Amino acid sequence: MTTGPGMILWASAVLHAALPGGGPGRAEPLAISTAAESYAAVVPASATALTERGQFLKFIAVEPGTFTIRAEFASGGAVVAGTRDIVVASPPGPPPHGKAAVLPVAPEADLLLKARDWVRVAAWAQPGGAMTFRIKGLAEDLPMVETPGPDPAVYFAEHLKDSPRTGGYYVGAYRIGPADQCEEKEIEFSYRHPGFGKARATAPGRLTADQGIWRVGQIQAKTAGTRSGPNAGQLYFFQQGTRFLLDGKAGARWRARLTETEEAWIDEAGVELAPEGAPPPSAKLETIIVRSSDTHAEVEFTVGAPVPVVVSQEAGLVKVSFYYTREHVNWIVYDELDSFVREIRWRQEGAQKASVFIHLKPGEKLWGYSLRRAPDRYVLTLRRVPRAGRKSLFEGLTVILDPGHSAQDAAGIGPLLTREQDLNLGLAQRVKERLVREKAAVVLTRSSADEVVPLARRTEIAVENKGDVFLSLHFNALPAGVDPRAAARGFSIYHHQPQSVELARELQLSYRDRIPLPSEGFRFTDFHVVRLTEMPSALLESAYIMLPEVETLITEAKFQDGLSQAIVEGLWRFLRKNLRQPAAPGPSAQAAVRKPPSEFLALEKPRGRAKSAVPRAAKPKPPRGQRKNR
């Protein structure tokens, strides 16, 4: 018997596999049992139904420890068996009842902080006790508060939001004062329980308080991401050579002080420190020049030093913020033939930030943007909405298709050992064929099963080929320990940038029309490939490869054809609503914009919701008041 990966999270396990020789008429159930070394109970053998192709999926409740899953199939006197050894880690939580114990949690790494910074501490112990902490030589016997427990990690929060909390999670804080000074001081926890006694423990991280700490750092990598906190989400991305004022550290991340109220945390591995005493970065914002064409506008900012720059956007407005910068704008030079940019204004937002506000003309939309550093200046390229082709809506457009994952990646896998990366490539090739027939130029980020393309390289390919739209194609799986049958599992589309919201919505609606699986909604995400700013982009999770009945469905040519049609159809809907008219519109060009490709003519007549091909999966009801047909 061959098995897919056993996926484990704390107290649950998923085993999914296929039995060789499975097929119609194989009515015998599969017996699955679980035996553990760490506890005496043995999970009773249970009958598990097989699909016609011999696949099965079983969600098994387990306890922390080391154990073995045994699956056995008997038919006609022959027995086929397989085992999988599993280790389940104990979940974060309080120690068992008995002797008092403290399990330190935070700070988990050394801290370098200054006045007004907070030192946050946390530790597990048995519920119902009292805990204090001290920073040797700085503060003594500071009280802590017991809480139900920390929130689950972001990735698992949606699946674990209803999980019970155990209690026994003690938290506290200390704010560093203006006179506090210490070097690598330990943080010690003291705990007392009325029934279990006393215990002490020391946090993994030590504290250094230095009121004069500041350094200048410069980014060494091509681009570097920053975070909103030491262990928080992605914030901004900055280019090579950007300089920062650094005034704190937590573990392996420096704190970049952008303004008195704004900060960003950056990995120390990507920063080169200037010699001590190097002056903080500073610059002036001076002349601004606008140059425009039919496809884009370039806005050039004279800024002498490589300071951090953040671009943000709202409807009809692009904001560019220069940190460590004072405005000294005497000239703004416009292009009198420009039909894209209406006006530029600026404002000094505090002593450390100068911001420029680029107002677009009424009716204009931003398709994407890019920022580059030139000697003594920054150049912001603002992309206009492309024009439709004369003979086809897609004519003249470049679509980047990204078949997710490479050969060596630990991507999704089905019970029959169907690999996600292979399905992604096959789907991309089908989509490419349809788009080429509609006169689009198509670029694949990888073209073969054994080609290895790093994640960062995929978006670089899109930019180098001047893509107009980027689509990353995937099939889904669930994190370890999440019951696959607990909710309807279907398709979902992900976006990040504002200009990608409508693309994701149209793709999701097209899937609803064409794909016989439940809709899980389109979503914002922080995935790398959809952070792309140069063009609208989306990541498509078309189905759950780990589900036996879905694996069977998605490996059928008919279903793959339907998927490729739904993708091109959704893209066509998005473009139809947004593309500008051809440069020299005539009767044929106008018709090309309005008329869908021949195979999509059914779109002109609203269709009903696609009938589900997976009866075991519940289909969600549309929101009240939503039209059934588009």
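The values are calculated or read from the model by the stated rules, or taken from the named source; none is laboratory data. If you're wondering where the values come from, they're calculated on a predicted model, not measured in any experiment. In this analysis, Cβ positions are derived from the backbone assuming ideal geometry, glycine residues included, and neighbour counts consider all displayed protein chains.
The criterion of at least 1 residues that are of a type in the set (K, R) and within 28 Å of R485 (Cβ to Cβ) is met, among helices (runs of 4 or more DSSP H) falling completely within the stretch 498-590, by 501-514, 557-578. Regarding the stretch 283-292, can at least one residue be identified that is modelled with pLDDT under 95 and touching a strand residue (DSSP E or B) at 6+ places or on another chain (Cβ under 6 Å)? The answer is no, given that none of the residues of the stretch 283-292 is modelled with pLDDT under 95 and touching a strand residue (DSSP E or B) at 6+ places or on another chain (Cβ under 6 Å).
Scanning the stretch 276-288 for residues that are without any contact (Cβ under 8 Å) to a residue 60 or more places away in the chain and within 36 Å of the chain's Cα centre (by Cα) gives S282, A283, K284. Can you say whether T223 is among the β-branched types (V, I, T), free of Cβ contacts under 8 Å to residues at least 40 places away in the same chain and in contact with a strand residue (DSSP E or B) (Cβ under 7 Å, 6 or more places away or on another chain), as far as the supplied structure shows? Criteria met by T223. The criterion of at least 2 residues that are crowded, with 19+ Cβ neighbours inside 10 Å, touching a residue at least 60 places away in the same chain (Cβ under 8 Å) and at negative phi is met by the following strands (runs of 3 or more DSSP E) wholly inside the stretch 295-347: 296-303, 309-314, 317-323. When the stretch 442-498 is limited to residues that are of a type in the set (F, W, Y) and crowded, with 24+ Cβ neighbours inside 10 Å, the one that is nearest to F56 (Cα to Cα) turns out to be F475.
Here is a list of conditions, (1) within 30 Å of Y334 (Cβ to Cβ); (2) more than 24 Å from the chain's Cα centre (by Cα); (3) of a type in the set (F, W, Y), and W214 meets all of them except one; can you say which number that is? Tallying (1) within 30 Å of Y334 (Cβ to Cβ); (2) more than 24 Å from the chain's Cα centre (by Cα); (3) of a type in the set (F, W, Y), W214 fails exactly one: (1). Out of the residues in the stretch 370-389 that are aliphatic (A, V, I, L, M) and closer than 14 Å to S312 by Cα, state the one that is surrounded by the most Cβ atoms within 10 Å (Cβ to Cβ). So, considering only residues that are aliphatic (A, V, I, L, M) and closer than 14 Å to S312 by Cα, the one surrounded by the most Cβ atoms within 10 Å (Cβ to Cβ) is L382. Screening A256 against (1) more than 30 Å from Q126 (Cβ to Cβ); (2) in the same structural domain as L113 (by TED's automatic domain parsing) leaves a single unmet condition, (2). When the residues of the stretch 187-197 are filtered to those that are within 17 Å of A106 (Cα to Cα) and surrounded by 19 or more Cβ atoms within 10 Å (Cβ to Cβ), the one that is farthest from the chain's Cα centre (by Cα) is Y191. Among the numbered conditions (1) buried (at least 22 other Cβ atoms within 10 Å of the Cβ); (2) hydrophobic (A, V, I, L, M, F, W, C); (3) without any contact (Cβ under 8 Å) to a residue 12 or more places away in the chain, the only one that A557 does not meet is (1). When the residues of the stretch 198-235 are filtered to those that are surrounded by fewer than 20 Cβ atoms within 10 Å (Cβ to Cβ), hydroxyl-bearing (S, T, Y) and within 28 Å of F527 (Cβ to Cβ), the one that is modelled with the lowest pLDDT is T223. What strands (runs of 3 or more DSSP E) lie completely within the stretch 112-152 and have 3 or more residues being more than 34 Å from the chain's Cα centre (by Cα) and more than 26 Å from R215 (Cα to Cα)? Where strands (runs of 3 or more DSSP E) fall fully within the stretch 112-152 and carry at least 3 residues being more than 34 Å from the chain's Cα centre (by Cα) and more than 26 Å from R215 (Cα to Cα), they are 130-135, 139-143. If you scan the stretch 523-582, which residues turn out to be in contact with a His (Cβ under 6 Å, 6 or more places away or on another chain) and not hydrophobic (A, V, I, L, M, F, W, C)? Selection gives R531, E541.
Among the residues examined, L285 qualifies as in contact with a His (Cβ under 8 Å, 6 or more places away or on another chain) and over 30 Å from L575 (Cβ atoms).
Could you go through the stretch 235-242 and let me know if any residue there is assigned to a loop (DSSP other than H, G, I, E, B) and either under 27 Å from E183 (Cβ atoms) or among the aliphatic types (A, V, I, L, M) (or both).
No; the residues of the stretch 235-242 include none that is assigned to a loop (DSSP other than H, G, I, E, B) and either under 27 Å from E183 (Cβ atoms) or among the aliphatic types (A, V, I, L, M) (or both).
Which residues, counting only those in the stretch 57-72, are of a type in the set (D, E, K, R) and assigned to a strand (DSSP E or B)?
The initial filter retains those residues of the stretch 57-72 that are of a type in the set (D, E, K, R), namely 58, 63, 70, 72.
Within the stretch 57-72, K58, R70, E72 qualify.
In this structure, G467 does not qualify as touching a Leu at 6+ places or on another chain (Cβ under 7 Å) and in contact (Cβ under 8 Å) with a residue 12 or more places away in the chain.
Whenever a residue of the stretch 406-422 is not assigned by TED's automatic domain parsing to the domain that holds E541, it has no partner that is at pLDDT below 90 lying with C-beta atoms less than 9 angstrom away and at least six residues away or across chains. On inspection, V453 fails the criterion of being of a type in the set (V, I, T), more than 21 Å from L532 (Cβ to Cβ) and free of Cβ contacts under 8 Å to residues at least 60 places away in the same chain. Entry remark, the stretch 352-394: residues being polar (S, T, N, Q) and part of a strand (DSSP E or B) number 3 in total. Restricted to the stretch 246-260, and to residues there that are among the hydrophobic types (A, V, I, L, M, F, W, C) and surrounded by 21 or more Cβ atoms within 10 Å (Cβ to Cβ), the residue that is nearest to L112 (Cα to Cα) is W254.
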